[in-house]
Amino acid sequence: MESLMGLINLEHEHDFLNELTQTRCPAAVPFAGRYRMIDFTLSNMTKSNINEIAVFTKHKYRSLMHHLGSGVDWELNKRHGGLYILPPQENNQSDMSKGDLKHFCNNWDYFERNKSDHVLISGTSFISNMNYQELFQHHLDTNADVTLLTTTYNLSTEHEHCLKVDTATNGTVTAITSDKNNPHVFSGIYIIKKSLLAELVEKCIATYKEHFFIDGIIANLHRLNIQSYQYNGYSFMIHSVDSYYKNSLALLEMNNYKQLFPVGEKIYTKISNHAPAKYNTTSNVSKSFIATGGVIDGAVKNSLLFRGVKVQKGAVVKNAIILDDCTIEENAHVENIIIDKEVTVSKNQFLKGSEKQPFIVAKQKTV
Amino acid sequence: MKKECVTMLLAGGVGKRLGQLTKNLAKPAVPFGGRYRIIDFTLSNCINSRMHTVGVLTQYSPFELHKHIGIGKPWDLDRMEDGLTVLSPYMNSEGGNWYLGTADAITKNINFIERYDPKYVMVLSGDHIYHMNYEKILQQHKETNADATISAIQVPWKETSRFGILNTTESMRIYEFEEKPKHAKNNLASMGIYIFNWSILKRYLEKDAMLLDSDHDFGKDVLPAMLADGMNLYAYKFEGYWKDVGTIGSYWEAHMDLLEENIPLSMSDNEWLTYSHDSNFGPQLITENGKATDSLINNGCIVSGKIDHSVLFENVHIDKASSIKQSILFPGVRVGSNVVLDRVIVKENVTIPDHTVLVASPNEEPIVVSEEYVKEKLQPMEESPLLKRMTSNF
């Protein structure tokens, strides 16, 4: 039986989230009340019976390592397979490879040891709750060299940075572009035959290339059998503060919530030991996420509160994303804002960003 | 391998007075506090007190309990050398026997204890809600050179007749036990937590096992026998929150205690965390029509109704125009629209149909709703004008 291994490639992910990516890579950015961005891809992989997963990290990966640990919370701490975090290395001084090709070069023995014939390669900016097995089946059925996971969006400015895909009627990919008017968006997730991956990596390194997808796949588009597989379930891409903020708040719509978190289709994350959220007498919460460990005495509206957030009496939280362990003190008012971890907003403070552009407070500050 | 102290956790009790809640479930496995099961408090105390060698004795309806405890992972008790061991009744060459009493359960596991060649054995029960550092009682036990130490708590005088009372000298040495006395001399009640010198306990257990008229119970048989022989028995005075959730009334009350603004037992105390499984549901969503006051709510809940003085476990959905007051909703409960619940406990995965009204008055025991209860007593009703008025005034 054909089998699949996973690779989460963070080499070319940019720190687009300003203060939120000051000290952590995008994969480790907290998202949706109790997760980090990487949890979605990682959980989708484990749910798809991908039990051997490598992560190419590039920089600012301390919080990512802390989050993933041995992979135990995704059941990846197994004797066979499991999670391999592969940080940048300088194994060989005569090695000329660059970018993610350096990762492949330094870790090729890992890929060789693995018995899977295909590799699912993913970033962390595509958020969905899905099973990759259908994509894999499509990849096998069409005998493709490469199969891209694509989806169709109502285009807005947040999709400007996404790659777009042109296909023939049979689904064969004919072009990968940055066409602003093409709604057929590449998710950043694809499956490739491992033998082909080896061949293309070798060629790219020999010609001093540094970006596997661009130099290995797009450059060879017409030589390869590249297929697309269209995903029609709920999903979005996060490439900017704007898309992070907008898509987070959109989860407060019940319809969206139920699609990303259907009962029985779990997204796994690092387990915490917080008590259930506590709503006190004066609390007034509507249309919001409250994560465990929260203690609410104030008003919270249209907001996402991560674990352990305290909102004291008389405080108002509106259109806000508040990360773990923040305290909003008495009578403070925060609106249109993203507040990173462990921030204290002091008594009577008034902080308001614009609706179009939320204000971001960096972590561990007192304001 | 030698261990100073082996902990034996009695988790086989039937919990008869919890009625419906323990119908197919051991009492230690009964859900508690919005995300826990009762035994989590004791197991968390063990790991927080660095008691790493724990035998859990199970007997009654153990399936859910075994599944929950597993190899002790949530409590970091999955250890290489010692850790958690589930000890169920077993057969041997002489046949099979159930555990007959608390002392008998320990007697039948002497081999387990001897494996670790301990100096002390601590006996706990998995039925109580409290935070306690067992290292402190062990320390007192050593300092007083006691043969046995019993943890005790001061209970209100009017309740002394419900407990086993310890009468002590000023130095806390016990000179008398009084089982549920009508006129107590003292209000120091035993919490069912004991530390023994193992060599002495072993002698008494072997002696007790030979007695035909013994109930093989620590409180009734073993400890009185030790006292009668003039052994050194001391009381350890525990101060803090401790609740025996033995009845539906006290179980419900303990939950209402958790909702006080100054919670007597903080589950979010970083110095003394309570550990449990995490069910990995999404965050809880309070919708535009939802409201929650004086309540504890866990992950995966979707609340479109009004919640007041209630505890919602994970994955509970409350539809619009429903009012939940002074109630406890177990994991997976679904509440339809225009429902009124007051002083109600709803069991796992039960669906309450639209327009249901269930109210227990303050002098009644809270209503426990199971699937059978819904089938027999709750048929979906037509919306009546009276009902409409009731829900809108809530």
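Taken along the Cα-to-beta-carbon direction at a fixed 7 Å, the label points for B:GLU371 and B:ASN270 span 4.3 nm. Taking the centroid of alpha carbons for each part, the range A:220-242 and the range A:22-98 are 21 Å apart. Modelled spin-label separation between B:ILE263 and A:LYS203, with each label point placed 7 Å from Cα along the Cα-to-Cβ direction: 6.0 nm. The calculated FRET efficiency for B:GLU143 paired with B:ARG203, based on their beta-carbon distance and R0 = 35 Å, is about 0.95. Beta-bridge orientation, chain B: approximately 35 percent antiparallel, per DSSP, counting only bridges with both partners inside.
With only Cα atoms counted, the range A:278-361 has Rg and Dmax values of 10.9, 33 Å. Of the trypsin sites (Lys or Arg not before Pro) found in the range A:189-260, the ones in coil according to DSSP and having at most 13 other Cβ atoms within 10 Å of their Cβ are A:ARG223.
Mean residue ellipticity at 222 nm, helices only, chain A: -5500 deg cm²/dmol; runs of at least 4 DSSP H residues each add -39,500 (n - 2.57), and the sum is divided by the number of residues. Maximal additional length on extending the A:MET1-A:ALA219 stretch stands at 75.4 nm, based on 0.36 nm per residue less the C-alpha distance. Note on the protein assembly as shown: dipole from Cβ charges, positive end direction compared against B:ILE297, A:ILE296, B:LEU100; the farthest Cα belongs to A:ILE296. Estimated from the Cβ-Cβ distance and a Förster radius of 22 angstrom, the FRET efficiency linking A:GLU134 and B:SER279 is about 0.25. Counted over the range B:8-157, the DSSP beta bridges are approximately 25% antiparallel. Taking GluC sites (Glu not before Pro) in DSSP loop conformation with at most 16 other Cβ atoms inside 10 Å as exposed sites, chain A has its longest uninterrupted site-free stretch at A:3-74. Measuring r between the beta carbons of A:LYS115 and A:GLU342 and using R0 = 60 Å, the FRET efficiency lands at 0.85. Put simply, the range A:4-260 fits an ellipsoid with semi-axes of 26, 23, 19 Å; these come from the alpha carbon gyration tensor as the roots of five times its eigenvalues, largest first.
In a simple Cβ point-charge model (Lys, Arg +1; Asp, Glu -1; nothing else charged), chain B has a dipole of about 160 debye relative to its Cα centre. As an equivalent ellipsoid, the range B:266-319 spans semi-axes of 22, 14, 8 angstrom, where each value is the square root of five times an eigenvalue of the C-alpha gyration tensor, largest first. For chain A, a simple Cβ point-charge model (Lys and Arg +1, Asp and Glu -1, everything else neutral) yields a dipole of about 1040 debye relative to the Cα centre.
Put +1 on the Cβ of each Lys and Arg and -1 on the Cβ of each Asp and Glu in chain A; which of A:ALA315, A:LEU86, A:ASN225 then has its Cα farthest toward the positive end of the dipole? Farthest towards the positive pole: A:ALA315. Both the radius of gyration and Dmax for chain B are 22.9, 72 Å, in that order, over alpha-carbon atoms. Need the list of aspartates and glutamates near B:LYS243 for cross-linking: C-alpha distance under 20 angstrom, and skip anything on the same chain fewer than eight residues off. Of all the aspartates and glutamates, those that pass the test against B:LYS243 - Cα under 20 Å, at least 8 places apart if same chain - are B:ASP40, B:ASP127, B:GLU159, B:GLU179, B:GLU253, B:ASP257, B:GLU260, B:GLU261, B:ASP269, B:GLU365.
Checked against a 25 Å cut-off, the cross-linked pairs B:LYS3/B:LYS136; B:LYS347/B:LYS375; A:LYS313/A:LYS363; A:LYS194/B:LYS73; A:LYS310/B:LYS291; A:LYS98/A:LYS194 give Cα-Cα distances beyond that limit for A:LYS194/B:LYS73. The modelled label-to-label distance for the pair A:ASN49/A:MET254, using points 7 Å beyond Cα in the direction of Cβ, is 3.7 nm. Counting other C-beta atoms within 10 Å, and keeping those with at most 15, which DSSP coil chymotrypsin sites (Phe, Trp or Tyr not before Pro) do you find in the range B:61-119? Passing both the DSSP loop test and the Cβ count: B:TYR90, B:TRP98. Placing one equal scatterer on every Cα of the range B:201-266 and applying the Debye formula, the log10 ratio I(q)/I(0) at q = 0.21, 0.24, 0.26 Å⁻¹ is -0.85, -0.98, -1.08. For the range B:122-187, rounded, prolate or oblate, judged on the Cα gyration tensor with a ≥ b ≥ c (square roots of eigenvalues), a/c < 1.5 rounded, else prolate if a/b > b/c? Oblate is the answer for the range B:122-187, as a/c is 1.5 or above yet b/c matches or exceeds a/b. Our analysis of the protein assembly as shown gives Rg over Rh at 1.03, with the two radii drawn from alpha carbon positions and Rh computed by the Kirkwood formula. Helical content alone sets the calculated 222 nm signal of chain B at -6000 deg cm²/dmol, taking -39,500 (n - 2.57) per DSSP H segment of four or more residues and averaging over every residue. For the range B:1-98, the normalised intensity computed at q = 0.21 Å⁻¹ comes to -1.09 (log10 of I(q)/I(0), Debye sum over alpha carbons, equal scatterers, no solvent). Once you have a ≥ b ≥ c as the square roots of the Cα gyration tensor eigenvalues for the range A:213-326, tell me rounded if a/c is under 1.5, and otherwise prolate or oblate according to whether a/b is larger than b/c. Note, shape of the range A:213-326 comes out prolate.
The distance linking the range A:272-330 with the range B:89-119 is 49 Å (Cα centroid to Cα centroid, whole angstrom). Here is the list for the range A:279-315: trypsin sites (Lys or Arg not before Pro) lying in DSSP coil, each with at most 15 other C-beta atoms within 10 angstrom of its C-beta, are A:LYS313.
Taking every alpha-carbon pair under 8 Å whose residues sit at least 6 apart, the range A:278-361 reaches a relative contact order of 20 percent.
Placing a label point 7 Å from the Cα of A:ASN91 along the Cα-to-Cβ direction, the residues of the range A:192-236 with a backbone N closer than 20 Å are A:194-213.
Bear in mind that the values in this text are calculations on the coordinates, not laboratory data. Predicted model, so just to flag it, every value in this text is computed and none were measured. Heads up, the Cβs are rebuilt from the backbone with ideal geometry, glycines too, and the neighbour counts pull from every protein chain shown.
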